[in-house]
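Below is one structure, written out as structure tokens; the observations come after it.
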Amino acid sequence: MAYKFDFSTILPYWDMLLHGIVLTTELTVIGAVFGVALGTLGAWARSAKTPVISPIVGIYVELIRNTPFLVQLFFIFFGLPALGVRMGEFEAAVLAMVVNLGAYSTEIIRAGIQSIPRGQIEAAASLAMNRVQIFRYVVILPALKKIWPALSSQIVIVMLGSSVCSQIAAEELTFAANYIQSRNFRAFEVYFVVAGLYLVMSIVLRWLLKKIGNRMFERRRHV
């Protein structure tokens, strides 16, 4: 018997899909902002090669990059309560995304920092700049400019990875898809539509990140 497509069965759940898109967007924005901030601090610590902090950051990076995101999420949501640390689904999802992106962006940003010519740093030091000033005014923006495409791709990957958060009942887009499919039993139509929504969101996010990069680095050029 030939399968009959019926996308109209999804229309009654449009508000749930919209809610899922909004929550996915919130997770991505918060995760990206704090994840990149954490990665910037981690890259600075690893590049500075301080005796205590640098090895700790290195262990954190290797631990996160070599374990599944789902395990990290489950550890935060199900494991930490055993130590008395309890949080809701949204908070656990955000924390997992920040920790995950922070580890990956640490290495991406560190690669950009290492690409800065040593002469520029020595010139800044000769002007009596301290390490914080050198990092802020001489290193970080040129480094970000070099690695911005790679960092943007990683943020998109984290956005797509937010679909895993449905496993702890965070009501993002994949959670909405699973719920709708369990009600109308139209798995092909539901996941086809949701896959299309993720595709559109990825394209829009990549475009926005490109615009943000252009604005940030263009302004720097005119300073």
Only one of ILE116, ILE76, ILE109, ILE140 is at pLDDT 95 or above, surrounded by 14 or more Cβ atoms within 10 Å (Cβ to Cβ) and farther than 26 Å from GLU172 by Cα, namely ILE109
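Within the range 169-177, is even one residue without any contact (Cβ under 8 Å) to a residue 40 or more places away in the chain, closer than 25 Å to VAL99 by Cβ and of a type in the set (S, T, N, Q)? Write out each step before concluding.
Here is the first cut: in the range 169-177, the residues without any contact (Cβ under 8 Å) to a residue 40 or more places away in the chain are none.
No, the range 169-177 has no match at all.
If you take the residues in the range 183-223 that are part of a helix (DSSP H, G or I) and β-branched (Val, Ile, Thr), which one is modelled with the lowest pLDDT?
Initial filter on the range 183-223 (part of a helix (DSSP H, G or I)): 183-184, 187-222.
Narrowing the set further to residues that are β-branched (Val, Ile, Thr) leaves 190, 193-194, 200, 203-204, 212.
Values: VAL190: 97, VAL193: 97, VAL194: 98, VAL200: 98, ILE203: 98, VAL204: 98, ILE212: 94.
Across the range 183-223, the extreme among qualifying residues is ILE212.
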Which of (1) over 23 Å from ILE30 (Cβ atoms); (2) in contact (Cβ under 8 Å) with a residue 60 or more places away in the chain does SER126 not meet, given it meets every other one? (2)
Do any residues in the range 196-209 that are farther than 18 Å from SER163 by Cα have Cβ atoms under 8 Å from those of residues that are surrounded by 11 or more Cβ atoms within 10 Å (Cβ to Cβ) and not aromatic (Phe, Trp, Tyr), where the two are at least six apart or on different chains, and which pairs are they? LEU209/SER152; LEU209/ILE155; LEU209/VAL156
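Conditions (1) modelled with pLDDT of 95 or more; (2) under 22 Å from VAL132 (Cβ atoms); (3) in a loop (DSSP other than H, G, I, E, B); (4) not small (Gly, Ala, Ser), marked per residue:
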{"site": "THR50", "(1), (2), (3), (4)": "no, yes, yes, yes"}
{"site": "PRO55", "(1), (2), (3), (4)": "no, yes, no, yes"}
{"site": "ILE59", "(1), (2), (3), (4)": "yes, no, no, yes"}
{"site": "ILE64", "(1), (2), (3), (4)": "yes, no, no, yes"}
{"site": "ALA82", "(1), (2), (3), (4)": "no, no, no, no"}
{"site": "ARG86", "(1), (2), (3), (4)": "no, no, yes, yes"}
{"site": "GLU91", "(1), (2), (3), (4)": "yes, no, no, yes"}
{"site": "TYR104", "(1), (2), (3), (4)": "yes, no, no, yes"}
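Taking the conditions exactly as written (among the small types (Gly, Ala, Ser), within 30 Å of GLY196 (Cβ to Cβ) and either touching a His at 6+ places or on another chain (Cβ under 6 Å) or in contact (Cβ under 8 Å) with a residue 24 or more places away in the chain (or both)), does ALA96 satisfy them or not? Working first, answer last.
Working: among the small types (Gly, Ala, Ser): yes; within 30 Å of GLY196 (Cβ to Cβ): yes; either touching a His at 6+ places or on another chain (Cβ under 6 Å) or in contact (Cβ under 8 Å) with a residue 24 or more places away in the chain (or both): yes.
It is true that ALA96 is among the small types (Gly, Ala, Ser), within 30 Å of GLY196 (Cβ to Cβ) and either touching a His at 6+ places or on another chain (Cβ under 6 Å) or in contact (Cβ under 8 Å) with a residue 24 or more places away in the chain (or both).
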Which numbered condition GLU171 misses (of (1) assigned to a helix (DSSP H, G or I); (2) within 15 Å of GLY20 (Cβ to Cβ); (3) not hydrophobic (A, V, I, L, M, F, W, C)): (1)
What pairs come up if the first residue lies in the range 25-43 and is of a type in the set (A, V, I, L, M, F, W, C), the second is outside any helix (DSSP H, G or I), and their beta carbons are under 8 Å apart, counting only those six or more places apart or on different chains? LEU27/ALA170; LEU27/GLU172
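Conditions tested, residue by residue: (1) of a type outside the set (Phe, Trp, Tyr); (2) closer than 20 Å to GLU26 by Cβ; (3) touching a strand residue (DSSP E or B) at 6+ places or on another chain (Cβ under 9 Å); (4) surrounded by fewer than 18 Cβ atoms within 10 Å (Cβ to Cβ).
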{"position": "MET159", "(1), (2), (3), (4)": "yes, yes, no, no"}
{"position": "CYS165", "(1), (2), (3), (4)": "yes, yes, no, no"}
{"position": "GLU171", "(1), (2), (3), (4)": "yes, yes, no, no"}
{"position": "PHE175", "(1), (2), (3), (4)": "no, yes, no, no"}
{"position": "SER182", "(1), (2), (3), (4)": "yes, no, no, yes"}
{"position": "PHE192", "(1), (2), (3), (4)": "no, no, no, yes"}
{"position": "SER202", "(1), (2), (3), (4)": "yes, yes, no, yes"}
{"position": "ARG206", "(1), (2), (3), (4)": "yes, yes, no, yes"}
{"position": "ILE212", "(1), (2), (3), (4)": "yes, yes, no, yes"}
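For the structure I just gave you, tell me whether ILE180 is within 19 Å of the chain's Cα centre (by Cα) and at pLDDT 95 or above. Explain how you work it out, then say what you get.
On the way: within 19 Å of the chain's Cα centre (by Cα): no; at pLDDT 95 or above: yes.
So ILE180 does not fit the description; no.
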Of everything in the range 52-85, what is within 19 Å of ILE113 (Cβ to Cβ) and without any contact (Cβ under 8 Å) to a residue 24 or more places away in the chain? Give them in sequence order. ILE53, SER54, PRO55, ILE56, GLY58, GLU62
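The values are calculated or read from the model by the stated rules, or taken from the named source; none is laboratory data. This one's a predicted model, so the numbers in the text were calculated from it and none came from an experiment. For neighbour counting, all protein chains shown are included, and Cβ atoms are generated from backbone atoms with ideal geometry for every residue, glycine included.
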